[in-house]
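See below for the structure under consideration.
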Amino acid sequence: MEEALNSTVHPTCLQENPLAVDIIKQLDVFGVALYSMLTLMSAMSLLLYLEECVFIYRKVPSPKKTTIMWVNGAAPVIATMACFGMWIPRATMFTDMASNSYFAVVVYKVLILLIEESGGSETFLKRNYKKTFKISTGPCCCCCPCLPRVLVTRRMLFLLKLGALQYAILKTLLSILSIILWTNGNFDISDLEITNTASWINPFLGVLTIISLWSVAIMFMNTCNTLRSVRIIPKYAMYQLVLVLSQLQTAIINVLALDGTIACSPPFSSRARGTMLSQQLMIVEMFIITLVTRALYRRTYDPLPSDPHETDNDQNTNISPQAPQWEHAA
């Protein structure tokens with residue numbers, strides 16, 4: 001019975017990802033047009049990003065311009081890596097590592113952008129002196145409204161930065177480790193056995209991701225009203241959209257491919273075809289996001305209006321030498 005079943009399965013469906021030359025040989029007219037259009041989209045995304053970097057470098061002061069360049073690069077970098085993975089399927093492990101590691105840094109840079117848009121760490125602490133932040137936000141504690149509010153201090157700001165920074169560092173290190181184990185045959189996302197290292201690394205990365213997203217969400221939920229004038233809500237929405245498309249959408253497609261829902265189509269196995277479809281979708285989506293983020297970031301903004309509370313503090317400081325020292329609050 002098993003021999004009869006195996007005889008009906010195309011041998012290519014049981015093989016690893018095809019070589020780039022095999023893809024080029026099997027392309028028909030529609031395939032050539034599709035691959036050419038997607039390649040052009042990824043190239044345009046990268047060129048638009050480079051032009052935007054030149055504008056930001058000239059028009060935006062430091063250190064905000066460096067942060068904006070990092071955040072803006074998420075969609076073009078992911079589109080470029082997806083294009084490489086589309087043409088060279090056997091390199092998808094490396095392209096995914098590059099794009100995921102870059103986006104892990106972007107998560108941290110989004111937190112820094114929120115602080116920089118508030119005027120920097122010192123100005124941020126002045127504006128929020130003796131204020132409290134709500135921490136019952138997603139993805140960790142949105143269902144826990146009873147959590148107490150936290151006083152804004154240097155320690156609290158440091159912990160938020162640390163919560164986002166740990167993901168940027170550990171994600172990159174674990175991605176490199178995954179590549180090393182993959183070359184030795186010890187890392188396979190399709191193998192769900194407890195002895196497979198992927199069964200340990202991926203859940204751990206999931207926990208790190210949730211912690212970092214929680215830190216960014218806390219900062220955004222408590223500063224979005226102040227930063228409305230710099231259009232922080234659509235900027236944050238674009239960051240969230242990149243997160244969902246690059247992480248959740250890819251994971252869903254990979255599960256469908258492993259389950260056999262996405263059929264094998266020689267020279268692609270089910271898993272390779274799912275990866276190819278994910279990358280093609282990613283190129284189109286990241287191209288659109290690149291255009292939207294270009295409209296949001298390629299401009300200059302006036303400084304934030306003065307906070308009445310901050311003005312009162314400055315006046316009190318000038319009058320009395322015994323004014324409270326917010327800098328050393330802990």
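Throughout, read-outs are computed from the coordinates displayed, never taken from laboratory work. This is a predicted model, so every value here is computed, not measured. Here the Cβ is made from the backbone with ideal geometry for all residues, glycine too, and neighbour counts use every protein chain on show.
Based on the Cα atoms of region 28-299, what semi-axes does the equivalent ellipsoid have, where each is the square root of 5 times one gyration tensor eigenvalue, given in whole Å with the largest first? Don't skip to the end; give the middle numbers.
Working: eigenvalues 237, 116, 45 Å².
They are 34, 24, 15 Å, listed from largest to smallest.
Report the extension gain between R299 and W200 in nm, rounded to one decimal, defined as 0.36 nm multiplied by the number of residues separating them, less their alpha carbon distance.
31.2 nm
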- Query: Tell me, what is the FRET efficiency for L151 and T261 to the nearest 0.05, using R0 = 56 angstrom and their Cβ-Cβ distance as r?
  - Reply: 0.65
- With label points set 7 Å from each Cα along the Cα-to-Cβ direction at I169 and I252, the distance between them in nm comes to 3.5
- Amide H to amide H under 5 Å from L151: which residues, 5+ apart in sequence or cross-chain, H placed 1.01 Å off N in plane? F133
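Tell me, what are the semi-axes, in whole angstrom and largest first, of the equivalent ellipsoid of region 69-122 as set by the roots of 5 times the Cα gyration tensor eigenvalues?
30, 9, 4
May I ask you to derive the FRET efficiency for S121 and L177 from their Cβ-Cβ distance with R0 = 30 Å, giving the value to the nearest 0.05? Provide the component values of the computation, followed by the final result.
Values: r = 33 Å, r/R0 = 1.09.
It comes out at approximately 0.35.
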- Scaled radius of gyration (Cα, divided by 2.2 N^0.38 Å) that region 182-245 gives: 1.65
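Under a Cβ-Cβ cut-off of 12 Å, what is the net charge of the residues other than L256 that fall near it, where Lys and Arg count +1 and Asp and Glu count -1?
Values: positive: R271, R273; negative: D259.
Residues near L256 contribute +1 overall.
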- Note on the structure: Straight-line reach check, K59, cutoff 27 Å on alpha carbons, 8 or more apart in-chain or any other chain, hits among lysines -> K109, K126, K161, K235
